[in-house]
Amino acid sequence: MKNDNLKIRIIGSPGSGKTYTSNILSKELNIKTIDLDSIFWNTSLANNRIKNNYINRDFRLNSILLNDSWIIEGVYISPWTFHTFSEANYILVIKTNKWTQYYRLFKRFFIRKFTNYRPKETLTDFKNLISWSFQYQKDLDNFISNNSYSNKIITIKTSKDLNDFLKLLN
């Protein structure tokens, strides 16, 4: 498939490798990648982040969907993102070993805690993220098994799976 009109939606648990995967695909396919966190959250306040209002969020996402090609990554499987799945040519589900995910989340927490990253994360934030990720994985598995997109879903567990997907596109 040519990279024109190629739309890829990437989903997975926190720490699964969504951003890493989207960056590789963006570089290899020369397609801009969008992180849904940058649409969902307003980080313009120096030490805080708040949810964008739904009008702003939906406008920004719909503007991106008008592009001929895109790579959109994020954990979101809620109604405001459902059209990203229906419009995507491929839905990549990133499934990483849970211990690898927890290691990555722990590493991310320390980087954000002890650098100039804003907003600062607390130990409570980290604990809540780990707890939330347990439930999220169940919700993601349920979403994958109960939708009409099964012909678009490709599960990526290893770098070999990602390389095989890239070969599929050539």
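Some notes on this structure:
- Residue among 109, 166, 66 farthest towards the positive dipole end of the chain, charges placed on Cβ: 109
- Here the relative contact order of segment 66-161, from alpha carbon pairs under 8 Å that lie six or more residues apart, stands at 46 percent.
- A simple packing score, the average count of other Cβ atoms within 10 Å per residue, orders the peptides 22-28, 78-84 as 22-28, 78-84, with the highest score first.
- Mean ellipticity per residue at 222 nm, deg cm²/dmol - from DSSP H runs of n ≥ 4 across the chain, formula -39500 (n - 2.57): -15500 deg cm²/dmol
- Contact order normalised by residue count of the chain, Cα under 8 Å, 6+ apart, percent: 34 percent
- Pairs from 18/157; 18/152; 113/138; 95/152 whose Cα-Cα separation, in the structure shown, is over 19 Å: 113/138
- 3J(HN,Hα) along segment 26-41, derived from phi through the Karplus expression 6.51 cos²θ - 1.76 cosθ + 1.60 where θ = phi - 60°, amounts to 4, 5, 5, 9, 6, 10, 5, 10, 10, 8, 4, 4, 5, 9, 6, 9 Hz, with x in place of Gly and Pro.
- For the pair residue 136 and residue 60 in one chain, pulling the backbone fully straight at 0.36 nm per residue adds 24.9 nm over the alpha carbon distance.
- Contact order relative to length of segment 1-89, as percent, for alpha carbon pairs under 8 angstrom and 6 or more apart: 47 percent
- For the chain, the longest principal axis of the alpha carbon atoms and the long axis of helix 123-145 meet at an angle near 20°.
- In this simple spin-label model, placing a label point 7 Å from the Cα along the Cα-to-Cβ direction at both residue 98 and residue 53 gives a separation of 4.1 nm.
- Rounded, prolate or oblate (a/c below 1.5 giving rounded, otherwise prolate when a/b exceeds b/c) for the chain by Cα gyration tensor: prolate
- Taking the C-alpha atoms only, the angle from helix 54-65 to the longest principal axis of the chain is near 30 degrees.
- Seen from residue 95, the other residues with C-beta closer than 10 Å to its C-beta sum to a net charge of 0, counting Lys and Arg as +1 and Asp and Glu as -1.
- Between 0 and 90°, nearest 10: helix 98-113 axis offset from the chain longest Cα axis: 50 degrees
- Packing-based ranking of 90-102, 138-150 yields 90-102, 138-150, ordered from highest to lowest mean Cβ neighbour count within 10 Å.
- Largest mean-square fluctuation among 89, 62, 116, in a Gaussian network model of the chain whose springs join Cα atoms under 10 Å apart, belongs to 116.
Bear in mind these aren't lab numbers, they're just calculated from the coordinates by the rules spelled out. These numbers were taken from a predicted model, which means no experiment stands behind them. Quick reminder, even Gly has a Cβ in these numbers, built from the backbone with ideal geometry, and neighbours come from all protein chains shown.
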